[in-house]
Amino acid sequence: MAKIKLTKNELKKQKDALKMYRRYLPTLMLKKQQLQAEIRVTENRIRELREQKEGIDEVVRTWIGVFGEKGIFVPGMLRISVLKIARGNIAGVSIPLFQGADFETQPYDLVRTPLWLDAAVDRMKQVLLLDLEAQTLEEQRKRLDHELRVTTQRVNLFEKIKIPETRGNIKKIQVYLGDQQTSAVVRGKIAKRSMEADQRSGASQ
């Protein structure tokens with residue numbers, strides 16, 4: 001702990017600092033609670049997306065046999081042409097917001113390809129959308145987690161270090177100044193008695 005000056009100016013400085021810590025601490029604690037709540041919401045949504053994807057995967061597994069038909073469902077048949085990501089703000093944290101995506105499908109002969117191909121392409125679009133939203137939410141959670149760690153450190157700094165330390169400094173300065181004032185009063189009384197004694201001594205001569 002840095003050495004403090006035992007002066008009235010330092011006492012005012014320490015009182016101002018304590019006032020500032022007490023003013024900002026509730027705001028930081030509120031921000032911490034908000035971040036924790038948002039992280040829970042994000043985690044729940046990620047869990048929902050995973051469950052939805054698993055449901056689609058179950059359906060797709062029943063088509064695995066037909067997917068194996070050579071030259072029907074080929075890599076590159078479906079690709080993302082536009083990824084739509086907006087920017088949002090939660091408790092002062094800039095976060096990405098998934099807005100959807102546009103796809104391009106490689107042209108195929110509707111007459112010569114099996115009927116299941118249209119459904120397969122739709123299912124793949126659904127899976128990709130779920131994956132993309134989940135990835136965006138993971139990035140959200142990562143940023144919110146980082147901000148929560150920083151905010152928690154600040155709360156702990158104010159609550160467990162700065163406020164107790166500043167209170168201690170104020171008490172130390174007040175005790176010192178009180179002692180100085182008492183000493184000054186005692187010295188004044190002694191000086192007064194000494195002057196009175198000198199006056200009496202001079203009068204008796």
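The values are calculated or read from the model by the stated rules, or taken from the named source; none is laboratory data. Values in this document were obtained by computation on a predicted structure and should not be read as measured data. Quick reminder, even Gly has a Cβ in these numbers, built from the backbone with ideal geometry, and neighbours come from all protein chains shown.
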Given (1) farther than 30 Å from GLY55 by Cα; (2) at pLDDT below 95, index of the condition ILE163 fails: (2)
Pick from segment 105-121, criterion surrounded by 14 or more Cβ atoms within 10 Å (Cβ to Cβ) and under 22 Å from THR62 (Cα atoms), ranking: modelled with the lowest pLDDT: THR113
When residues of segment 1-14 are limited to those that are loosely packed, with under 14 Cβ neighbours inside 10 Å and in a helix (DSSP H, G or I), the one modelled with the lowest pLDDT: LYS8
Tally of residues being under 30 Å from MET20 (Cα atoms) and either hydrophobic (A, V, I, L, M, F, W, C) or not in a helix (DSSP H, G or I) (or both) across segment 133-157: 5
